[in-house]
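The values are calculated or read from the model by the stated rules, or taken from the named source; none is laboratory data. Since the structure is predicted, the reported quantities are computational estimates derived from the model, not experimental observations. A quick note on method: Cβ atoms are made from the backbone with ideal geometry, for glycine too, and the neighbour counts reach across all protein chains shown. Heads up: the accessible areas ignore ligands, DNA and RNA and are worked out on the full protein's heavy atoms, side chains in. Shrake-Rupley method; radii C 1.70, N 1.55, O 1.52, S 1.80 Å.
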Amino acid sequence: MAAVTRRRGLVWTLVQRDLRVRYSRSLLGYVWTVLDPLLMASVYFVVFTFIFKAGGRVADKPYFLYLLSGLLAWQWFTGGVNDTAKSLIQEARLVRSTNLPREIWVIRCVVAKGVEFVLSLPVLVGFILYYLVRGRVELDWELVLFPLGMALQFILLVGLGLLLAPITVLATDMQRVVRIVLRFMFYLSPVLYGTHAVPDFLRVILAFNPLNGILSLYRGGLFARSVSWVDVGISAGMSVALFVIGFWTFSRLERTVLKEI
């Protein structure tokens with residue numbers, strides 16, 4: 001990790017390259033970063049509020065703000081997991097030919113998606129201001145915990161990326177497995193609903209989803225329901241554990257991966 005920290009300038013250069021390449025031929029560019037979660041939030045809002053009439057029962061109000069805050073974080077998570085899983089394969093020539101710490105190729109994906117997440121936050125702020133003016137939101141001190149949620153999500157994504165990237169090189173089917181697991185995780189994470197709406201026997205299981213506490217930190221200052229420190233503690237423990245396991249797995253498989261690519 002120390003070697004990666006010493007080359008943090010290079011990591012930022014790679015992140016800028018990734019973002020320029022991603023948006024260089026896009027007509028809407030940055031707009032896609034916020035358009036996708038906005039459209040998804042609108043769809044789920046209509047389905048749960050007007051069709052099933054359950055928005056107020058399954059989550060805190062205002063429901064659209066609840067959805068948007070969760071979907072923006074989910075976009076960073078799913079994009080980070082997908083990109084890091086294939087990071088070594090996509091940059092195989094550079095990974096093989098340069099003498100850089102190979103972890104850099106994973107971390108730069110997490111940072112790039114994190115930058116997109118930060119760039120999408122003005123949209124979230126805009127809706128917060130809208131609901132504040134309408135008197136439907138009251139902010140409290142837990143809003144300062146938002147950066148803690150970002151830090152935990154960064155640690156979690158780096159750990160998962162370092163775990164998945166070498167395994168994906170050795171078993172390319174892992175990319176399909178990752179996509180399937182992410183689909184399940186979306187509905188097992190409190191993105192569309194709050195854990196208070198889940199039956200007790202499932203709540204215990206969902207508590208071990210590391211995104212549970214992270215989303216609690218993101219939403220703590222926006223809604224009446226306070227941050228669940230039990231969930232945050234579990235998320236922190238699991239994120240750090242995956243971070244350690246990821247680095248250990250990556251170091252153990254690095255030589256084998258270099259032979260494969």
Report, by residue number, each residue of segment 210-261 that is part of a helix (DSSP H, G or I), closer than 25 Å to Val144 by Cα and aromatic (Phe, Trp, Tyr).
Tyr218, Trp229, Phe243
Report, by residue number, each residue of segment 209-254 that is open to solvent by 20 Å² or more (accessible area, probe 1.4 Å) and at pLDDT below 90.
Ala224, Arg225, Ser226, Ser228, Glu254
Are any residues in segment 128-154 over 30 Å from Val181 (Cβ atoms), open to solvent by 70 Å² or more (accessible area, probe 1.4 Å) and free of Cβ contacts under 8 Å to residues at least 40 places away in the same chain, and if so, which ones?
Leu129, Tyr130, Val133, Arg134
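Is there a residue in segment 73-93 that is small (Gly, Ala, Ser), free of Cβ contacts under 8 Å to residues at least 24 places away in the same chain and surrounded by fewer than 19 Cβ atoms within 10 Å (Cβ to Cβ)?
Step one: filter segment 73-93 for residues small (Gly, Ala, Ser), giving 73, 79-80, 85, 87, 92.
Subsequent filtering for residues that are free of Cβ contacts under 8 Å to residues at least 24 places away in the same chain retains none.
For segment 73-93, residues small (Gly, Ala, Ser), free of Cβ contacts under 8 Å to residues at least 24 places away in the same chain and surrounded by fewer than 19 Cβ atoms within 10 Å (Cβ to Cβ): absent.
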Look through Leu206, Leu188, Leu162, Leu157 and report the one residue that is open to solvent by less than 40 Å² (accessible area, probe 1.4 Å), within 20 Å of the chain's Cα centre (by Cα) and without any contact (Cβ under 8 Å) to a residue 24 or more places away in the chain.
Leu206
Is there a residue in segment 113-130 that is touching an Asp or Glu at 6+ places or on another chain (Cβ under 8 Å) and of a type outside the set (Gly, Ala, Ser)?
yes
